[in-house]
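A single structure is presented below for examination.
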Amino acid sequence: MRGYPAGAGGLSASAGGLVDGVDRSFFDNFEEDRMAAYYERSTLGETTLVDDAGYHTARGLRLEGYNFLWTVPGSGFERYPDTDEWIIYVMTIDNWENVSQIWFPVFGDPSNEGDRDPSYEIQIINNDETFRIQSRDNSDNKEDVATDAESDQTYDWFSTGVTYAVGIYRKPSGGVLGGLWDANADYPLESEAIAYIDSADHPYDDGSSIDGIGPDDGPGRWGYRTGDNVTLRVHEVERVEPPEEN
């Protein structure tokens with residue numbers, strides 16, 4: 001089951017489904033003047049809603065240069081990431097020359113609008129060709145909680161111009177999963193993943209005791225960071241129910 005068109009309505013029941021039947025596109029009805037729905041800690045680059053950035057759907061968000069954006073309470077978004085649901089970013093990196101990382105801060109404390117901690121972050125590390133999840137506590141102390149190195153995986157590294165799905169899942173019992181898929185794959189199925197990482201494979205703190213991001217702390221914010229010399233298209237942001245593997 002690959003290559004879902006815009007009108008497919010999400011993933012099939014056997015592979016999980018979008019939470020509460022919401023549309024798979026975040027951007028289709030999103031207008032330029034609603035960019036205030038993000039808290040922008042630092043934005044030096046360009047942030048543009050464009051009709052040619054969509055993948056499954058028509059519209060998307062193009063980020064050029066240094067951008068740091070995330071959702072905050074009162075922004076008009078009805079839901080934030082919660083325990084027991086995947087957050088999937090469908091995105092294409094067009095350029096990231098001389099940039100070491102692209103970060104997706106998710107499951108951060110939504111009440112903290114001044115910094116990105118505490119949070120779990122998906123991190124795509126260009127110079128080390130590593131995909132990982134890191135926890136940051138309230139003092140911005142950092143621990144890797146899930147990495148492809150710990151899971152002993154090898155895979156073709158990110159290519160520019162290729163569309164991927166990158167996701168994170170907060171376990172009800174604490175800790176996180178992360179996944180990387182081809183955009184047309186049946187994400188978030190582990191069997192379809194290019195790389196699949198689990199905090200249970202890592203010897204350090206899984207972040208579950210950090211105030212603001214533990215399983216009993218309720219929903220969190222989501223967002224992303226790009227760096228200088230990066231051009232990135234975010235096609236969709238999806239909240240997806242966990243799948244059932246056959």
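How much accessible area per residue does the stretch 107-246 have, counting only protein heavy atoms and a probe of 1.4 Å, in square angstrom?
On a per-residue basis, 39 Å².
Additional query: Which order do peptides 80-88, 208-216 fall in by mean Cβ count within 10 Å, highest first?
80-88, 208-216
Take every Cα pair under 8 Å in the stretch 176-243 that's 6+ residues apart, average their separations, divide by the length, and report that relative contact order as a whole percent.
Once normalised by length, the contact order is 24 percent.
Could I ask something else about it? Could you please put ARG221, ARG233 in sequence from largest to smallest accessible area, using a 1.4 Å probe? Could the numbers behind the result be given before it?
Details: ARG221 0, ARG233 45 Å².
Largest to smallest exposure gives the sequence ARG233, ARG221.
What do you get when you divide the Cα radius of gyration of the stretch 148-246 by 2.2 N^0.38 Å, with N the number of residues?
Numbers: Rg = 14.7 Å, N = 99, 2.2 N^0.38 = 12.6 Å.
In units of the globular-protein estimate, the stretch 148-246 measures up at 1.17.
Take peptides 101-113, 151-163 and line them up by average Cβ neighbours within 10 Å, highest first, as a rough protection proxy.
Highest to lowest by the protection proxy: 101-113, 151-163.
Which order, highest average first, do 64-70, 194-200, 93-99 follow once you tally other Cβ atoms within 10 Å for each residue and take the mean per peptide?
Descending mean neighbour count gives 194-200, 64-70, 93-99.
Using 0.36 nm per residue, how much length does the chain from GLN153 to SER191 gain when fully extended, once their Cα-Cα distance is taken away?
The span from GLN153 to SER191 would gain 12.3 nm if fully extended.
Under a Cβ-only charge scheme (Lys and Arg +1, Asp and Glu -1), can you give me the dipole magnitude of the stretch 50-143 about the Cα centre, in debye to the nearest 20?
On the way: 7 positive and 19 negative charges, 27 e Å.
The dipole of the stretch 50-143 has a size of about 120 debye.
While we're looking at this one, here's another question. Using a 1.4 Å probe over the heavy atoms of the protein chains, calculate the carbon and sulfur portion of the accessible area of the stretch 66-164 as a whole percent. The partial results should precede the final answer.
On the way: 1270 of 3840 Å².
Carbon-and-sulfur percentage of accessible area, whole number: 33.
The values are calculated or read from the model by the stated rules, or taken from the named source; none is laboratory data. Only a predicted model underlies this, so the values are computations on that prediction, with no experimental measurement involved. Cβ: placed from backbone, ideal geometry, glycine included. Neighbour counts: every protein chain shown. Each accessible area value is taken on the protein alone, full model and side chains, heavy atoms only, with ligands, DNA and RNA left out. Shrake-Rupley method; radii C 1.70, N 1.55, O 1.52, S 1.80 Å.
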